[in-house]
1. Look at residue 153 and say whether it is part of a loop (DSSP other than H, G, I, E, B), surrounded by 18 or more Cβ atoms within 10 Å (Cβ to Cβ) and in the same structural domain as residue 85 (by TED's automatic domain parsing).
2. Of all the residues that make up the range 92-123, how many are without any contact (Cβ under 8 Å) to a residue 24 or more places away in the chain and not basic (Lys, Arg)?
Amino acid sequence: MNLKKIKNILDEIADGYPLRRSAILPLLWRIQKEGKFITPDDIRFISERLNLSPAHLRSIATFYSMFFYNLSQSVMPARHLIQICTNVSCMLMGAERLLDILIKRYGLEERIVDGKKVFVSDDGRFSFITMECIGSCDLAPSMIVDEDVHTRLNEDNIFEILSSYK
């Protein structure tokens, strides 16, 4: 994302907080939403503007699983990002089986990027990543497609859900 756009986002969000540094989480979220992931250049620019160390911002961007820091362009080329929960509740309810089915159906190839399992479909439609928890344990198994949460997944409804994402 270009620096002018980041500056506009930073000013828009940070101006709503008594301390500009309090805007870090919403700022990172918005930058990611605009650019698909957070880059080292984004971190450097924000750290200079908020007078924080890049290491401090990097630690925030890498701590929360909702942020995708420094993922390469080859990981996120797809039109839709799918985050599949692999925490205990989802795994007990069949998430691993569903992931295996998705791998076969879409011909996904596993990669490890920044410690995350990443799968990309050949047609450029989907990028799949595994997540430790998305907070829907009582409705397991669950996934997030772009920003939409889908729960109580099974072999039938998962393909019906994904077919609505072109």
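1. Against the criterion (part of a loop (DSSP other than H, G, I, E, B), surrounded by 18 or more Cβ atoms within 10 Å (Cβ to Cβ) and in the same structural domain as residue 85 (by TED's automatic domain parsing)), residue 153 qualifies.
2. 13
The values are calculated or read from the model by the stated rules, or taken from the named source; none is laboratory data. In this text, all values refer to a predicted model and were calculated from it rather than measured experimentally. Please note: Cβ atoms are built from the backbone with ideal geometry, for glycine as well, and neighbour counts cover all protein chains shown.
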